[in-house]
Amino acid sequence: MPLIRTPNIPDPDGFYEALIAAQRGLSDAQADLLLAKLVLILANQVGDRALLDEALALARANTLASSSSSSSSSSSSSSS
């Protein structure tokens, strides 16, 4: 089964709201721990190692791309 790359969550805004609500009142460390535990719970639910590896690679690539675009835009704005 290939990784689904199109929106697939019914009521994505409601899910995002629930995700934020679950972190409300937590310290940054507790919120990070909650998110890490959520990832592991969902990974266990998926259960397909190849699919999980693909998701990890996609998340890492997107993170690196976001980081490099943030760095380049902040360096270009600081040189103006």
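Please give the net charge around Leu3, taking every other residue with its beta carbon less than 15 angstrom from that of Leu3, where Lys and Arg add +1 and Asp and Glu add -1. Before the final figure, lay out the partial values.
Details: positive: Arg5, Arg49, Arg60; negative: Asp48, Asp53, Glu54.
Residues near Leu3 contribute 0 overall.
How big is D for the stretch 27-78, in µm² s⁻¹ as a whole number, if Stokes-Einstein is applied with the Kirkwood radius of its Cα pairs at 10 °C and 1.306 mPa s?
On the way: Rh = 13.2 Å.
Here the translational diffusion coefficient equals 121 µm²/s.
Neighbour counts of other C-beta atoms within 10 Å: give me Leu34, Leu64 arranged from fewest to most. Intermediate results must be reported in sequence, preceding the final value.
Numbers: Leu34 14, Leu64 10.
By the 10 Å Cβ count, ascending, the order reads Leu64, Leu34.
Which length gain, in nm to one decimal place, applies between Leu52 and Ala36 when the Cα-Cα distance is subtracted from 0.36 nm times their residue separation? Could you put the intermediate results ahead of the total?
Values: separation 16, 0.36 × 16 = 5.76 nm, distance 1.45 nm.
Taking Leu52 through Ala36 to full extension adds about 4.3 nm, to one decimal.
Here, each number is a calculation from the coordinates, and none is a lab measurement. Model, not experiment: these values are computed from the prediction. When we count neighbours, we look across all protein chains shown, and the Cβ atoms used for this are built from the backbone with ideal geometry, even at glycine.
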